[in-house]
1. Would you pick out the residues in the stretch 29-50 that are in a strand (DSSP E or B) and in contact (Cβ under 8 Å) with a residue 40 or more places away in the chain?
2. Just to be sure I understand the filter: pairs with C-beta atoms under 9 Å, separated by 6 or more residues or on different chains, first member in the stretch 51-66 and within 18 Å of Ala104 (Cβ to Cβ) and hydroxyl-bearing (Ser, Thr, Tyr), second member surrounded by 14 or more Cβ atoms within 10 Å (Cβ to Cβ) and modelled with pLDDT of 95 or more. Which pairs pass?
3. Taking into account only those residues within the stretch 64-105 that are within 16 Å of the chain's Cα centre (by Cα), among the small types (Gly, Ala, Ser) and surrounded by 11 or more Cβ atoms within 10 Å (Cβ to Cβ), which is farthest from His122 (Cα to Cα)?
4. Pick from the stretch 1-50 the residues that are of a type in the set (Asp, Glu) and surrounded by fewer than 14 Cβ atoms within 10 Å (Cβ to Cβ): which of them is nearest to Gly109 (Cα to Cα)?
5. Can you list residue pairs whose Cβ atoms sit under 9 Å apart, with the first residue in the stretch 2-16 being closer than 19 Å to Tyr154 by Cα and at pLDDT below 90 and the second being aromatic (Phe, Trp, Tyr) and not in a loop (DSSP other than H, G, I, E, B)? Count only pairs 6 or more apart in sequence or on different chains.
6. Out of curiosity, is Val7 hydrophobic (A, V, I, L, M, F, W, C) and under 20 Å from Gly132 (Cα atoms)?
7. Quick check: is even one residue across the stretch 101-116 more than 18 Å from Thr34 (Cβ to Cβ) and without any contact (Cβ under 8 Å) to a residue 24 or more places away in the chain?
Amino acid sequence: MPIDSRVFRQAVGQFATGVTIVAMEVEGTLRAMTANSFTSVSLDPPLVLFCVGKRTKAGASIHDVQTFSINILREEQKALSSYFAGAWKAETPPAFRFVDSAVAPRLEGAVAALLCRVHAVHEGGDHWIVVGEVLAIEDAGLPARPLVFHGGRYVSLAVGDADPDAQLLVVAWAGPQV
């Protein structure tokens, strides 16, 4: 029995994820995209992966990419997530800046940036699964809450105060559905 894609999306949307901006240079042009399909793969060697739609601009050129950065967003960077996801409605884009690093351009002000070399690109249905070897890590050095996505919405994480040893995370709905 075939799986309804809408039902599938709603089901996997129940898994809370962080939000990243993946930045890559393609033929001298910087491309960036929002991705919550990001995870660590291996500690030795340090590998991560993200997925990109085959029909997107980034997906169409992923085989030409040699390096990229995974920029983990702060809670205050919702606007950047929307902008790089193509959901930005305002006339002017939100303020942002990519800065050079030894490996790949990275987003200034992110919680952390993982600077990667493409390790492998695999088929994944209508997406490419891009595995990167982490060559360097740049940390903003500022304490920050990560931007989190759950159930089609941005959510906030708050440290609970009932049991300080447990560091319970409480989810609170925030912002419009995207």
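The values are calculated or read from the model by the stated rules, or taken from the named source; none is laboratory data. None of these values were measured; they are calculated from a predicted model. FYI the Cβ positions are ideal-geometry reconstructions off the backbone, even for glycines, and counts take in every protein chain you see.
1. Hits for the stretch 29-50 are Leu30, Ala32, Met33, Thr34, Val41, Pro46, Leu47, Val48, Leu49, Phe50.
2. Matching pairs, first to second residue: Ser61/Met24.
3. Within the stretch 64-105, the match that is farthest from His122 (Cα to Cα) is Ala79.
4. Only one residue tops the list, namely Glu27.
5. Gly13/Phe149; Ala16/Phe149
6. no
7. no
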